[in-house]
Amino acid sequence: MKLKLYSVPIALALILATGSCSKSDDNANLVEKCATVSSFSISQNIDKLTYKIQATGNIQGYQISFQLLSQTSSPEYNSVLIDVDQNTGTIDLQENFVEFDKTYKVHVRAVCNNGNLSDWFSPQTILIKSFCARPDQVHLGVDLIYWSDPNGDTSSQYQVQYSLKGFNLGNGTIVNIPSGDMSLNFANLNLQSSRTYDFYVRSYCTEGRGWSSWSGPYSFYNE
């Protein structure tokens, strides 16, 4: 008889405990959608990717995922993840590793102020083409500008464009420099004294890659 008296409360306790656990698990799996991405576009211009995102919500930034087209996993896996602060901008391909001449699926999601994440937006596909890399490690000496070339022996020439500080590219003086000579001496430029000049430099590559983008500006005060 004592066993019968205890059997009902024990069963009831088990039912209540099971129901409570299930409700807790359900709540743990609920993720509030803090933002919604409504559109996304991306395109390549030489060594830069230009993107534009439209989204609503309390947003502090975005994650952009690059996956090779053959990948079938979730966008955060087997991918290059890049964090950006603004809904429009550029991604520098010389500073972010991807394989060139490959087609990628590109997803985007919003990062909200509370740390939550939106759903991934439907991917765009883009063929990221190889390009002529712009000169790097550009330095100004006492009387010259010099640089390094990440393209190796595929560069056939360089150009330096210069004018007074603040000029618009295309309005400066261009000096052509042959391959292998990665410097320009200011002595031959007839620079005005007590003026500041801006300098830009770019490479020209063989194998159909053409001109790189301009690296610069680098400012020089001519005493």
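The values are calculated or read from the model by the stated rules, or taken from the named source; none is laboratory data. Remember, it's a predicted structure, so these values are computed and weren't measured experimentally. A quick note on method: Cβ atoms are made from the backbone with ideal geometry, for glycine too, and the neighbour counts reach across all protein chains shown.
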Item to check | Flag if SER212 is in the same structural domain as SER65 (by TED's automatic domain parsing) and under 30 Å from VAL108 (Cβ atoms) | outcome: no
Checklist outcome for this item: Scanning segment 200-223 for residues that are under 13 Å from ASP143 (Cα atoms) and either among the charged types (D, E, K, R) or surrounded by 18 or more Cβ atoms within 10 Å (Cβ to Cβ) (or both) gives PHE220, GLU223
Checklist entry - For VAL142, are the conditions met, namely being in a strand (DSSP E or B) and aliphatic (A, V, I, L, M)? => result no
Checklist outcome for this item: Within segment 132-146, the residues that are closer than 15 Å to VAL160 by Cβ, in contact (Cβ under 8 Å) with a residue 60 or more places away in the chain and either crowded, with 16+ Cβ neighbours inside 10 Å or among the β-branched types (Val, Ile, Thr) (or both) are ARG134, PRO135, VAL138, ILE145
Item to check | Matching residues in segment 167-191 - criterion: being surrounded by 10 or more Cβ atoms within 10 Å (Cβ to Cβ) and either without any contact (Cβ under 8 Å) to a residue 40 or more places away in the chain or of a type in the set (Asp, Glu) (or both) | outcome: PHE167, GLY172, THR173, ILE174, VAL175, ILE177, SER179, GLY180, ASP181, SER183, LEU189, LEU191
Next on the checklist: Can you go through VAL80, VAL84 and tell me which one is among the aliphatic types (A, V, I, L, M) and modelled with pLDDT under 95?
Outcome noted: VAL80
Checklist outcome for this item: Reported set for segment 69-114 where residues are farther than 20 Å from SER213 by Cβ, charged (D, E, K, R) and part of a strand (DSSP E or B) is ASP83, LYS102, LYS105, ARG109
Checklist entry - Can you pull out the strands (runs of 3 or more DSSP E) entirely within segment 162-223 that have at least 2 residues that are modelled with pLDDT of 95 or more and out of contact with any Leu (no Cβ under 6 Å at 6 or more places or on another chain)? => result 173-178, 195-205, 215-222
